[in-house]
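Structure record follows, encoded as structure tokens.
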Amino acid sequence: MSVYKLSAYPRQHTLRDGRIINIRPLEQGDKDRLTSFFLRVPDTERQFLRQDVTSPRTIAAWCDELDYDRALPLVALDGDRIVADATLIRSRHGVYRQVGTVRAVVDAEYRAVGLGTTLLRDLCDVAADADLEKVTAEMVDGVQDDAIEAMEHLGFIRAATVHEFVRDEHGHPHDLTVMVLPLGKWYQWQQF
């Protein structure tokens, strides 16, 4: 099984609005910056994340137990401030070893300028280089519709909708959309 290639990082990227951000893998020294970033994410969005990103224990575990071959977290920084976090996760054995999962969160001030798309494209490129066959993502309908649309522009396909799969803080059910991006030759052709 190929390991993730990290030679492209750190790198700079110019957003559509002209701001220049730096993209690099998460580092052990990022605990405070990452905590500050997630505290800026509105509660209405954080509730749909898989882990409690306001927990110091969660953030410490992510930063202290880095294993880039299992989970590659990329962060985007404007100066010293983290403004986005995106992660590619994979299993190294078992029936899911050929599939990666991506997750991304972007600061509200940095949306609609191509940052989320850039991070997801980077992670999909890394996944393709590591010989993964597919990348998946789970999105909440009615809450993450802009992200679903952006992923479709990247080539992700709506593979399934699970009705009333998650509940918000008020107990209201929401549908979960499973997105899949085939890699390999299909992904190479999508890059044109």
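Quick note: the coordinates plus some simple rules give every number you see, no bench work behind them. Computed from a prediction, not measured in an experiment: that's the story for all the values here. So basically every Cβ, Gly included, is an ideal-geometry build from the backbone, and we count neighbours across all protein chains shown.
Points worth noting:
- Count of segment 118-157 residues which are of a type in the set (S, T, N, Q) and either in contact with a Gly (Cβ under 6 Å, 6 or more places away or on another chain) or under 20 Å from Ser7 (Cα atoms) (or both): 1
- Close pairs from segment 6-29: first without any contact (Cβ under 8 Å) to a residue 40 or more places away in the chain and surrounded by 11 or more Cβ atoms within 10 Å (Cβ to Cβ), partner among the hydrophobic types (A, V, I, L, M, F, W, C) and assigned to a loop (DSSP other than H, G, I, E, B), Cβ under 9 Å, at least 6 apart: Glu27/Leu66; Gln28/Leu66
- Restricted to segment 82-192, the set of strands (runs of 3 or more DSSP E) holding at least 2 residues that are crowded, with 20+ Cβ neighbours inside 10 Å comprises 99-106, 134-140, 173-182.
- Test result for Arg57, basic (Lys, Arg), surrounded by fewer than 14 Cβ atoms within 10 Å (Cβ to Cβ) and either closer than 30 Å to Asp17 by Cβ or without any contact (Cβ under 8 Å) to a residue 24 or more places away in the chain (or both): yes
- In this structure, Asp67 does not satisfy being among the charged types (D, E, K, R), assigned to a loop (DSSP other than H, G, I, E, B), surrounded by fewer than 19 Cβ atoms within 10 Å (Cβ to Cβ) and over 17 Å from the mean Cα position of the chain (by Cα).
- Only residues that are in a loop (DSSP other than H, G, I, E, B) and touching a Phe, Trp or Tyr at 6+ places or on another chain (Cβ under 6 Å) were counted across segment 5-53, and they come to 1.
- Scanning segment 72-119 for residues being under 13 Å from the mean Cα position of the chain (by Cα) and more than 19 Å from Phe37 (Cα to Cα) gives a total of 4.
- Listed by first and then second residue, the pairs with beta-carbon distance under 6 Å, at least 6 apart or on different chains, first residue in segment 115-130 and closer than 18 Å to Ile157 by Cα, second part of a loop (DSSP other than H, G, I, E, B) and basic (Lys, Arg), form an empty list.
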